[in-house]
Amino acid sequence: MSAEDEKLQRIVEARLKLRARFLEKMERTPSVSDERPQGSGPPNRHGMPKLPPGQTETRKWPVLDLGASFEHPTLETWELRINGAVEQPVTLSWKDFRALPQHEDTSDFHCVTGWSLMDVQWVGVQLSTLAALARPLPEAAFILAHAYDGYTTNLSLEEALKDDVLLVHTYNGKPLPREHGGPVRMITPQLYAWKGAKWIRRIEFLRYDSPGFWERCGYSNTAHPWRDDRYA
């Protein structure tokens, strides 16, 4: 086995160990524990109507952001920092990021403003893989995602470490467009989409919860679409 293969194997083993640490909490989250919680169709929908309450399907992907002026990262300038309550802070370049195990997934994208983009094909890196690199401290329980435009959003680790939470660079077979957060954004298919940051630049592990931009403005801290969980 090559040194690179051994490194990847260690990452996978650490990811699985970390996920197992939060598995019981994951299984109690609403999108897993509710009776018939998620709809019918692909794996993220089982046994209910196709759309969460109050949502309308769209064929186009609307562009929504804070409207802040900032310098958009390129592949050459983009970097991802993973720090906070971790054993080993990490900074990844685009090349480093693409060298990590890549994950393909198909999921839905639910915006709190009332539209849903269905059956999106994504390619990216699981957040749990990135967590495994940095090794969160035993007392770490949340993350705060930071974007290049100043946006922030918070997640409990039992939500963040789910297999479909990705930092994506590819959308339906093409590079993620800049207006939708390219080169890399975070997606949270089991929660409303504001829980994923466009133009992500930092993942901060926290011992205590710290509300992000929209959470401080009155949006729900938990954000479960199938519970119509939009506002605090």
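The numbers here are math on the coordinates, done by the rules we state, and not lab data. As the structure is a prediction and not an experimental result, all values here were calculated from the model. Neighbour counts run over all protein chains shown; Cβ positions are idealised from the backbone, glycine included.
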Filter region 193-232 for residues that are part of a strand (DSSP E or B), among the aromatic types (F, W, Y) and in contact (Cβ under 8 Å) with a residue 40 or more places away in the chain; which is surrounded by the fewest Cβ atoms within 10 Å (Cβ to Cβ)?
Y219
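Quick one: is A134 under 19 Å from E13 (Cα atoms) and crowded, with 20+ Cβ neighbours inside 10 Å? Write out each step before concluding.
Working: under 19 Å from E13 (Cα atoms): yes; crowded, with 20+ Cβ neighbours inside 10 Å: yes.
So A134 fits the description; yes.
Collect the residues in region 177-200 that are in contact with a helix residue (DSSP H, G or I) (Cβ under 8 Å, 6 or more places away or on another chain) and over 13 Å from D65 (Cα atoms), keeping them in residue-number order. Explain how you work it out, then say what you get.
Here is the first cut: in region 177-200, the ones in contact with a helix residue (DSSP H, G or I) (Cβ under 8 Å, 6 or more places away or on another chain) are 183-184, 186-188, 190-192, 194-195, 198.
Listed by number, the residues that qualify are P183, V184, M186, I187, T188, Q190, L191, Y192.
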If you take the residues in region 161-191 that are within 17 Å of W214 (Cβ to Cβ) and in contact with a Phe, Trp or Tyr (Cβ under 8 Å, 6 or more places away or on another chain), which one is surrounded by the fewest Cβ atoms within 10 Å (Cβ to Cβ)?
R185
Condition (residue is under 24 Å from V63 (Cα atoms), assigned to a strand (DSSP E or B) and touching a His at 6+ places or on another chain (Cβ under 8 Å)) applied to region 103-116: is it met by at least one residue?
yes
Within region 75-101, tally of residues that are surrounded by 16 or more Cβ atoms within 10 Å (Cβ to Cβ) and either of a type in the set (S, T, N, Q) or assigned to a helix (DSSP H, G or I) (or both):
2
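Just a yes or no: is a residue in region 161-170 within 17 Å of the chain's Cα centre (by Cα) and assigned to a helix (DSSP H, G or I)?
Restricting attention to region 161-170, the residues satisfying the condition of being within 17 Å of the chain's Cα centre (by Cα) are 161-170.
Restricting the remaining residues to those that are assigned to a helix (DSSP H, G or I) gives none.
Among the residues of region 161-170, not one is within 17 Å of the chain's Cα centre (by Cα) and assigned to a helix (DSSP H, G or I), which makes the answer no.
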